[in-house]
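Colleague: Handing you this structure, nothing more for now.
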Amino acid sequence: MPGALIRLRVNGRDVAAASGTMLLEACRQNGIEIPTLCSDPRLKPASSCRLCEVEVAGRARPPCACATPVEDGMVVATHTPALEAFRRTMLERLAADLPAEDPARMAGKPFQKLLEAYGVAPLGRRRADRKQADHPYLDVDLSWCVACGRCVRICAEVQGQDIWTFMGRGADLGVSPGGAAGLMETACVSCGACADTCPTGAIEDGARLAQGLPDRWIRTICPYCGTGCEVDMGVKGGRITEARPVLSSPVSQGHLCVKGRYGFGFNDAPDRITEPMIRRNGVWEAATWEEALAAAAAALRQALSVGGPDAVGVLASSRATNEENYLAQKFARLALGTPHVDCCARVCHAPSAAGLGQTFGTGAATNGYADIERAALLMVVGANPTENHPIVGARIRQRVRAGVPLIVVDPRRTELAELATVHLAPRPGTNLPLLQAMAQVILGEGLADGAFLAARTEGIEAFAASVQAWTPERAADLCGIEAEDIRRAARLYATLRPAMAFHGLGLTEHRQGTDGVTALAHLALLTGNVGLPGSGVNPLRGQNNVQGSAQMGCEPSRLTGYQKLAEAREIHAQVWGAEPPQGPGLNALEMIDAAGEGRMKALLVIGYDPLLSHPNALETAENLNGLEALIVVDLFLTETARAFGTVFLPAASPFEKEGTYMNGERRVQRVRQVVPPRGGSRTDGTILSQLAERLGAGSHFRFPDAAAVWDEARRTWPAIAGISHARLDREGGVQWPCPTEGHPGTPVLHAEGFPRGERVRFRPLAWQPSPEAPDAEYPFLLNTGRNLFHFNAATMTRRTRLRELAAEDLLEIHPADAEGLALTEGDPVRVESRHGAFILRAHPTDRVRPGEPFATFHSAAAFVNRATGPGRDAVTGTPEYKVTAVRLQKG
Ligand SMILES: Nc1nc2c(c(=O)[nH]1)N[C@H]1C(S)=C(S)[C@@H](COP(=O)(O)OP(=O)(O)OC[C@H]3O[C@@H](n4cnc5c(=O)[nH]c(N)nc54)[C@H](O)[C@@H]3O)O[C@H]1N2
Ligand SMILES: Nc1nc2c(c(=O)[nH]1)N[C@H]1C(S)=C(S)[C@@H](COP(=O)(O)OP(=O)(O)OC[C@H]3O[C@@H](n4cnc5c(=O)[nH]c(N)nc54)[C@H](O)[C@@H]3O)O[C@H]1N2
Ligand code: SF4
Ligand code: SF4
Ligand SMILES: [Mo]
């Protein structure tokens, strides 16, 4: 029985441990440390260093404690003189080879602690000369390698990259990055896991070697993607010097990707703006906070007096905390009296919130990452998690390696597509035919879950009739794939239970983005994959707190909790002591459209760079130019600020404040201040409160701290009422709904019923092809997205050494297309659409299909969004970033 309590005797003491626990861990839990070199809780036991051998009564040879499960009545001795002598001999043998110079490399490392404990010193038989110093962050000197294999195992078992291999034999046994002269020559993704586990410092962070151990560690959440990995930030002399993964994190389980592990250098970037500025006569001038806040308030008041509440709007930041986003929408609604407030969920996963909301009643992921390990089948639609949610990607890859079938739907052969059981590569923009055809197969072949349909859904007859005509042949034709592959995918998804679906922007950033998400949700309903662990429909949310900013009410038609205006006005009026304005307001794109029409006069833009990241940049620029005031709150002079800003208010960074984020699995987690705000910068929360004071609304914004802001949000939205900062500090993150302090949180939604009753309804969907179709003039279909090393506008990542890992945006182009255009690797290509043009270097690869080039959009130098078009999702207005007809020319 798993988890049952086992009783044993260790060193004459009674000890208890859960069944299945290894002796090493059971002893550790009971305060008995057994020496070990090759074990790491993240890895399967290897029993290779043998230091953890212990004596077990009745066994002739001492077994390794790391690989010996506890047994009832076991009698164990861990530190007998014989064992200790054996350990000393083993350590002497290992240390004999190690260089005696540069002991700093081993400082604080487990191996050094062992040598000290056993009084063993390196003999220096080997010289320190196996350096591989080509990597910006990882410093490798294999002179210190003791061949414990932890790097080999962590790179395979956790990251799934298989870079390190054993080389040599006997006394010469060591490791090597696959025979390469350095990691930069391999497919290493710079996650740093090998350096984190290496017990000798042979593989170590360059920063630690240069600056020594941090003075203190502070636990917080990675400020990049919506995965929400927990990270320990090391601080030395008041500066962040390193970041390390947190073993106990349920999300990241002791792992991080390159951005969380190494991407913090922006915090101390020399061009970070830490004092306010006002633009006078076209020139940015330094200002005091007093002057800048007064200028911002005056500009907002002026716009209000000329055009009323419709002349002002707020773009809130999905990079900021929940508390700050709660204040941002409250600021818009009460200090400005306008319903025009939105966040970058608009250009991202608003279709997920809408599609899941209209289907299930809650617009958020139904399940959590822990379900990756429970699913019998995984399906990834229009998402590239090994680059964009790398910890989720790594967890999916480990399951696939363990034999769990995977379906990938992506026009590109992503890393996961390479491993997939079925890879469906539809032409960009054709998800709907594909998903409808899968539904047709499931219904036509009798694979639907009849009991689930009968008990928990309505409208199946009309839905079945609506997909009848979607034969796999018809869809295959539109998608440019094989009908038989659609059938295989549908059969796998319907028959292996539970089946868990993830999706990304390849599903949402289309004219039919919301319909696409709804179609995927229908597949889950048809097969009963709702409300079960290991199932569901799960958007991989984008920015660190995009789930939170929309959920806090930075949404023109929703209040806190993503509650509908009409339904939640009363509770808000009661808690606020003031009425929220009538809505709905304009969304992020409509606000900028309105600026072009002269209706919107002043915008407050917090941590968001619409000029660079919105589509159709030439038109965005024209529209932004129509504003009379544009107040930017950011860490850096964004493209928006550079071109159109009138007041700049410098924000404290994600490492400089207290609060919470909400990750893509609805988990609220604590963000902690690691270092004080740099220079004169202030937190977004402070800035909003101080602006509100100057607009005469100060009384609604006087909170002693972030916890008090969160407590007010809890009163407006029952699903987070049970989650206090104090609880998060005590217990770690909690997944909402969590209505009371005693409630454990909800890892799986819709297990019992749906928010609006026992049943939900299918809604027949009609296919609307995008007008952005290739023709003789614009024969290619441009797809856009991301790479592992840079984050969106790359405002932060570009200011770190990550730029050495990926220097610039590239245009992935099929080798046949490249040949047709006489392009080779690195040649500049001019990409021109009906809306604008940009130039990028070509990267010929058969990862993309012929006719479908792919560009990353991470740099202002390239400005890829000059070419993307005005198409928007019919329901949410989310831009159609993934399909633009273009022509290509050697540039
Ligand atoms: N390294 C890194 N990580 C990030 C970010 C970053 O910039 N860099 N940004 C964060 C943000 S804000 C977000 S929203 C997430 C986004 O994460 P993802 O959703 O994974 O983002 P994308 O790379 O934009 O697009 C995913 C995939 O959709 C595919 N696709 C395009 N068109 C179609 C289609 O019609 N059908 C299907 N099925 N697939 C299609 C593309 O080929 C691409 O591989 O990542 C977050 N994480
Ligand atoms: N072609 C194309 N374009 C796209 C996409 C695509 O797939 N293709 N994807 C779209 C998507 S999904 C998204 S989400 C957008 C992203 O577009 P943006 O939201 O513009 O991108 P980010 O780089 O995340 O920029 C956020 C800004 O926040 C600042 N910042 C970070 N932390 C804080 C903080 O705590 N406080 C404050 N005040 N500022 C902070 C950063 O310095 C940065 O300037 O891009 C969209 N654009
Ligand atoms: S940094 Fe990560 S991917 Fe690279 S070798 Fe180390 S563990 Fe493997
Ligand atoms: S997966 Fe996302 S949250 Fe985790 S370390 Fe990487 S960027 Fe940060
Ligand atoms: Mo996003």
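The values are calculated or read from the model by the stated rules, or taken from the named source; none is laboratory data. Remember, it's a predicted structure, so these values are computed and weren't measured experimentally. Every residue, glycine among them, receives a Cβ derived from its backbone with ideal geometry; neighbour counts consider all protein chains shown. The protein model used for the area step is the full one, side chains on, heavy atoms only, and it has no ligands, DNA or RNA in it. Shrake-Rupley method; radii C 1.70, N 1.55, O 1.52, S 1.80 Å.
Colleague: Please enumerate the residues belonging to region 222-243 that are of a type in the set (A, V, I, L, M), touching a helix residue (DSSP H, G or I) at 6+ places or on another chain (Cβ under 8 Å) and either away from ligand 3 (no atom under 16 Å from the Cβ) or assigned to a loop (DSSP other than H, G, I, E, B) (or both). Spell out the reasoning first.
Modeller: Going residue by residue through region 222-243, those that are of a type in the set (A, V, I, L, M) are 231, 233, 235, 240, 243.
Then drop every residue that is not touching a helix residue (DSSP H, G or I) at 6+ places or on another chain (Cβ under 8 Å), which leaves 231, 233, 240, 243.
Of everything in region 222-243, those that are of a type in the set (A, V, I, L, M), touching a helix residue (DSSP H, G or I) at 6+ places or on another chain (Cβ under 8 Å) and either away from ligand 3 (no atom under 16 Å from the Cβ) or assigned to a loop (DSSP other than H, G, I, E, B) (or both) turn out to be Met233, Ile240.
Colleague: Among residues belonging to region 690-717 that are among the polar types (S, T, N, Q) and more than 21 Å from Ser305 (Cα to Cα), point out the one that is farthest from ligand 2 (Cβ to nearest atom).
Modeller: The first filter runs over region 690-717 and keeps only residues among the polar types (S, T, N, Q), leaving 690, 699, 716.
If we keep only those that are more than 21 Å from Ser305 (Cα to Cα) too, we end up with 699, 716.
Working: Ser699: 24, Thr716: 22 Å.
Among residues in region 690-717 that are among the polar types (S, T, N, Q) and more than 21 Å from Ser305 (Cα to Cα), the one farthest from ligand 2 (Cβ to nearest atom) is Ser699.
Here's the yes/no breakdown for (1) crowded, with 23+ Cβ neighbours inside 10 Å; (2) of a type in the set (Gly, Ala, Ser); (3) in contact (Cβ under 8 Å) with a residue 60 or more places away in the chain; (4) not assigned by TED's automatic domain parsing to the domain that holds Thr362:
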site	(1), (2), (3), (4)
Thr638	yes, no, yes, yes
Ala641	yes, yes, no, yes
Phe648	yes, no, yes, yes
Ala652	yes, yes, no, yes
Lys657	yes, no, yes, yes
Tyr661	yes, no, yes, yes
Val668	yes, no, yes, yes
Val674	yes, no, yes, yes
Arg678	no, no, yes, yes
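Condition check ((1) more than 16 Å from ligand 3 (Cβ to nearest atom); (2) in contact with a Phe, Trp or Tyr (Cβ under 7 Å, 6 or more places away or on another chain)) across all residues:
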position: Leu782; (1), (2): yes, no
position: Phe789; (1), (2): no, no
position: Ala794; (1), (2): yes, no
position: Leu805; (1), (2): no, yes
position: Leu810; (1), (2): yes, no
position: Ser833; (1), (2): yes, yes
position: Gly836; (1), (2): yes, no
position: Leu840; (1), (2): yes, no
position: Arg849; (1), (2): yes, no
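Quick grid of which residues meet (1) over 18 Å from Pro498 (Cβ atoms); (2) open to solvent by 10 Å² or more (accessible area, probe 1.4 Å):
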position	(1), (2)
Cys348	yes, yes
Pro351	yes, no
Thr362	yes, yes
Arg374	no, yes
Leu377	no, no
Arg397	yes, yes
Ala402	no, yes
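Colleague: Right, here's the next one. Give me a count of the residues in region 591-618 that are touching a residue at least 60 places away in the same chain (Cβ under 8 Å) and within 16 Å of ligand 2 (Cβ to nearest atom).
Modeller: Of the residues in region 591-618, the ones touching a residue at least 60 places away in the same chain (Cβ under 8 Å) are 591, 594, 599-610, 612-618.
Cutting the leftovers down to within 16 Å of ligand 2 (Cβ to nearest atom) gives us 591, 603-610, 612-618.
Result for region 591-618: 16.
Colleague: Oh, and also: For region 859-870, state whether one or more residues are touching a residue at least 12 places away in the same chain (Cβ under 8 Å) and assigned to a strand (DSSP E or B).
Modeller: Let us first name the residues in region 859-870 that are touching a residue at least 12 places away in the same chain (Cβ under 8 Å), namely 859-870.
Retained after the next criterion (residues that are assigned to a strand (DSSP E or B)): none.
Looking through region 859-870, none of the residues is touching a residue at least 12 places away in the same chain (Cβ under 8 Å) and assigned to a strand (DSSP E or B).
Colleague: Could I ask something else about it? Within region 243-262, can you find the residues that are of a type outside the set (S, T, N, Q) and closer than 15 Å to Pro385 by Cβ?
Modeller: Going through region 243-262, the residues of a type outside the set (S, T, N, Q) turn out to be 243-247, 250-251, 254-262.
The answer is Val251, His255, Leu256, Cys257, Val258, Lys259, Gly260.
Colleague: I need the full set of residues from region 86-135 which are touching a Lys or Arg at 6+ places or on another chain (Cβ under 6 Å) and either among the aromatic types (Phe, Trp, Tyr) or surrounded by fewer than 17 Cβ atoms within 10 Å (Cβ to Cβ) (or both), in order please.
Modeller: Result: Ala96, Tyr118.
Colleague: Further question: For region 370-390, name all the residues that are closer than 16 Å to Pro539 by Cβ and not in a loop (DSSP other than H, G, I, E, B).
Modeller: Asp371, Ile372, Leu378, Met379, Val380, Val381, Pro385, Asn388
Colleague: Which condition number does Phe789 fail, the rest of (1) open to solvent by 20 Å² or more (accessible area, probe 1.4 Å); (2) more than 16 Å from ligand 4 (Cβ to nearest atom); (3) not in a helix (DSSP H, G or I) being met?
Modeller: (2)
Colleague: Is region 275-291 home to any residue that is on the phi > 0 side of the Ramachandran plot and away from ligand 4 (no atom under 13 Å from the Cβ)? Even if it seems obvious, please write down each step before you answer.
Modeller: Applying the first criterion (on the phi > 0 side of the Ramachandran plot) to region 275-291 yields 281-282.
In the following step, the residues that additionally are away from ligand 4 (no atom under 13 Å from the Cβ) were identified as 281-282.
Within region 275-291 (the criterion being on the phi > 0 side of the Ramachandran plot and away from ligand 4 (no atom under 13 Å from the Cβ)), the answer is yes, since at least one residue qualifies.
Colleague: Tally time: how many residues in region 640-673 are in contact with a Pro (Cβ under 9 Å, 6 or more places away or on another chain) and of a type outside the set (S, T, N, Q)?
Modeller: Going residue by residue through region 640-673, those that are in contact with a Pro (Cβ under 9 Å, 6 or more places away or on another chain) are 640, 647-657, 661, 664-667, 671.
Keeping just the survivors that are of a type outside the set (S, T, N, Q) gives 647-652, 654-657, 661, 664-667, 671.
Number satisfying all stated conditions: 16.
Colleague: Looking at region 252-271, can you tell me whether even one residue there is outside any loop (DSSP other than H, G, I, E, B), in contact with a strand residue (DSSP E or B) (Cβ under 7 Å, 6 or more places away or on another chain) and open to solvent by 20 Å² or more (accessible area, probe 1.4 Å)?
Modeller: So far as region 252-271 goes, yes, one or more of its residues are outside any loop (DSSP other than H, G, I, E, B), in contact with a strand residue (DSSP E or B) (Cβ under 7 Å, 6 or more places away or on another chain) and open to solvent by 20 Å² or more (accessible area, probe 1.4 Å).
Colleague: Could you check region 567-643 for helices (runs of 4 or more DSSP H) lying wholly inside it with 2 or more residues that are within 16 Å of ligand 5 (Cβ to nearest atom)?
Modeller: Numbers: elements: 588-596, 610-613, 617-624.
In region 567-643, 588-596, 610-613 are the helices (runs of 4 or more DSSP H) which contain 2 or more residues that are within 16 Å of ligand 5 (Cβ to nearest atom).
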